Amino acid sequence: MQIGVYGAGYLGTVISACLADFGTPITCCHPDSSRMVEMAQGKVPFHEKNLAEVIKRNVRSGRLAYSTDVEAFARKSALIFLAEDTPQHLSDLVLRIAKAVPKPPILSIVTPVAVGTGTALEKKVQDAGSKAIIVSQPMFFTAACAVEDFNWPDRIILGTTSNDAVAAIKQIFHPLVMRGVPVIVTSHATAELVRESATAFVATKISFINELAGLCEKVGGDAVHLSLALGLDKKIGPRCLQAGAAMGGLFAQSDMDSLSRLAEQNSVQLKILAAAREVNHSLADGMAEKIAVCLKSLQNKDVGILGLAFKPNTNSVAGSASIQLAQGLVARGARVRAYDPVAIPDAKLELNGTVHYCESPYAVAEGAEVLVVGTGWPEFRALDFAKIKTLLRRPLIVDTKNILDSVRLRAMGFEYVGVGRV
């Protein structure tokens, strides 16, 4: 069976490379010829751990090819994963592929879509006099862990009524199925709802631990120990239960927005989701206020921020709490300088010249009245803090991710402020 992946953004790039790594010949298609050439050379337009190496390995072996001819790509592919990052042109693309092929193709919709899309696409194809088997197949990738998430998923979700499509996709994902990864076959609507619901649940979990972190600061608790103790409960689990991190990422906000709209359209109140989103949105403002209290005022104060990506090991700043914090500090009159190992080009697009960018953490610290850890990059733990102390105007560190050794820093003479810690 010839397998195709349409899309040259985050989803399409990850899926085509990782499928090829299963040993399956894959063609990735997109009309942007310059992007396709760059991809074939292993030049990934975003930072994602191990992905460039996977692409280069499979291009060299001949398992991964790139094309700009959509019709030719469609005609030779019996199954196509539609994996653009946004659904803007999805309907037109499905019709174009369905009309281009003599035999009904299996089209797996990986692109994040609103609930009802799969059913609507089936009707649109039928009304156009064409045929195609539509499968709603949400995939769940975390930036900086996408290759790992692809190879070790929690489950495979297939929204379809076609037994042939289920059999074909199980064959493609044979290495995962044989490993025991559960395959859940359900309706289009349920499969589409899984993505948005999972995002909303994680946001709720993160918001809950962040509210408890605020309580810890009032009663003398320690949010790091609290998170560990709660996470060891098998009913809860440790993932996404660390105080300090707002919910960010490429698809997080759109998933929650879509689920909220769906509920509103159907006159259903999702009060817990609304509360979680409110907490999530307030975290950056709360952190800016905490820094303002430490400095008495932010007006004309020099603030250094370490990290701008929404999480370590990615260049994505989508929904980044660190970006929101930088914006809040600037709005309150602070002069902000920042460093990030890979995310500065993307951050510049968001911050519009309001922040000064530095080439090292030490340049950020020089002359600053407070040093803020905004992203939990592991390298920040290994900084020379004796040197940083001599560079700072005031030895004050605000650790929004609780990644630093507070006991050691305080012993060195730093004022250390964490999240939910006293």
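The values are calculated or read from the model by the stated rules, or taken from the named source; none is laboratory data. Keep in mind the model is a prediction, meaning the values are calculated, not measured. Glycine also receives a Cβ, built like all others from the backbone with ideal geometry; neighbour counts cover every protein chain displayed. When the accessible area is computed, the model is the full protein with side chains, heavy atoms only, and any ligands, DNA or RNA have been set aside. Shrake-Rupley method; radii C 1.70, N 1.55, O 1.52, S 1.80 Å.
Given H placed 1.01 Å from N in the peptide plane, which residues other than close sequence neighbours of G374 have an amide H under 5 Å from its amide H?
L306, G307
Any of K124/K271; K49/K99; K235/K271; K49/K235; K49/K218 with alpha carbons more than 27 Å apart? Name them for me. Could the numbers behind the result be given before it?
On the way: K124/K271 34 Å; K49/K99 38 Å; K235/K271 22 Å; K49/K235 30 Å; K49/K218 39 Å.
Check vs 27 Å cut-off fails for K124/K271; K49/K99; K49/K235; K49/K218.
Which of the aspartates and glutamates could be linked to K389 by a straight reach, that is with a Cα gap under 14 Å, when you skip same-chain ones fewer than 8 residues away?
Result set, ordered by chain and number: E366, E369, E415.
Probe radius 1.4 Å, ligands and nucleic acids ignored: give me the carbon and sulfur share of the accessible area of the chain as a rounded percent. Could the numbers behind the result be given before it?
Working: 10320 of 19040 Å².
After summing per-atom areas, the C and S share lands at 54 percent.
What base-10 log of the normalised intensity I(q)/I(0) is obtained for segment 76-128 from the Debye formula, alpha carbons as equal point scatterers, at q = 0.14, 0.17, 0.23, 0.26 Å⁻¹?
Each listed q corresponds, in turn, to -0.33, -0.49, -0.91, -1.15.
As an exercise, use a Förster radius of 25 Å and the Cβ-Cβ distance of Q299 and A363 to find the FRET efficiency, rounded to the nearest 0.05.
Values: r = 23 Å, r/R0 = 0.93.
Working from the Cβ atoms, E equals 0.60.
How big is the Kirkwood radius of segment 263-422, worked out from every pair of different alpha carbons and given in Å to one decimal? The partial results should precede the final answer.
Numbers: mean 1/r = 0.0619 Å⁻¹.
16.2 Å is the Kirkwood radius here.
Using a 1.4 Å probe, what is the accessible area per residue for the chain, in Å²? The partial results should precede the final answer.
Details: 19040 Å² over 422 residues.
Heavy-atom accessible area per residue stands at 45 Å².
Long-range amide H contacts for F251: which residues qualify at under 5 Å (H placed 1.01 Å from N, peptide plane, sequence gap of 5 or more or a different chain)?
none
Tabulate in residue order the Karplus-calculated ³J(HN,Hα) for segment 160-177, using 6.51 cos²θ - 1.76 cosθ + 1.60 with θ = phi - 60°, rounded to whole Hz; enter x for Gly and Pro.
Once rounded to whole Hz, the list reads 6, 10, 9, 5, 5, 5, 4, 5, 5, 6, 4, 5, 5, 9, 3, x, 7, 4.
Any idea what the alpha-carbon Rg over 2.2 N^0.38 Å comes to for segment 330-382? Could the numbers behind the result be given before it?
Values: Rg = 11.2 Å, N = 53, 2.2 N^0.38 = 9.9 Å.
Here the Cα radius of gyration is 1.13 times the empirical estimate.
Given a cut-off of under 8 Å on Cα pairs at least six residues apart, what relative contact order in percent is computed for segment 301-411?
Values: 208 pairs, mean separation 33.7, N = 111.
It rounds to 30 percent for segment 301-411.
If I histogram all Cα-Cα distances within segment 287-337 using bins 5 Å wide from 0, what percent of pairs lands in each bin?
Pair shares across the bins are 5, 23, 29, 21, 12, 8, 2.
Given the convex hull of the Cα atoms of segment 151-247, what is a quarter of its surface area in nm²? Write out the running numbers ahead of the final one.
On the way: hull surface 30.4 nm².
With every direction weighted equally, the projected area is 7.6 nm².
Within segment 1-22, which residues have the backbone N less than 18 Å from the label spot 7 Å out from A72 along Cα→beta-carbon, could you tell me?
2-7
Quick one: compute the contact order of segment 78-226, relative version, from alpha carbon pairs under 8 angstrom and 6+ residues apart, as a percent. Intermediate results must be reported in sequence, preceding the final value.
Numbers: 192 pairs, mean separation 29.7, N = 149.
About 20 percent, as a whole number.
So what J values fall out for segment 138-151 if you push phi through Karplus, 6.51 cos²θ - 1.76 cosθ + 1.60 with θ = phi - 60°, rounded to Hz, Gly and Pro as x?
Result, ordered by residue: x, 10, 10, 10, 9, 3, 6, 10, 5, 5, 5, 4, 5, 7 Hz.
Quick one: check the C-alpha center-to-center distance for segment 254-333 versus segment 91-125, whole angstrom.
Cα centroid to Cα centroid, the span is 36 Å.
Can you tell me which of 359-370, 309-320 comes out highest on packing, and rank the rest after it, using the mean Cβ neighbours within 10 Å? Write down the numbers at each step before the final one.
Working: 359-370: 18.6, 309-320: 23.5.
Answer by packing, highest mean first, reads 309-320, 359-370.
Quick one: divide the alpha-carbon radius of gyration of the chain by 2.2 N^0.38 Å and tell me what you get.
That works out to 1.08 for the chain.
Whole-Hz ³J(HN,Hα) for each residue in segment 118-133, computed from phi via Karplus 6.51 cos²θ - 1.76 cosθ + 1.60 with θ = phi - 60°, x for glycine and proline: what do you get?
Per residue, the Karplus-derived 3J(HN,Hα) values read x, 5, 5, 5, 4, 5, 5, 5, 5, 5, 7, x, 10, 9, 6, 9 Hz.
For segment 367-422 and segment 127-184, compute the distance between their C-alpha centroids and round to whole Å.
44 Å
Peptides 257-265, 10-18: what's the order by average Cβ count within 10 Å, highest mean first? Mind dumping the intermediate values first?
Values: 257-265: 15.7, 10-18: 25.8.
Packing order, densest peptide first, comes out as 10-18, 257-265.
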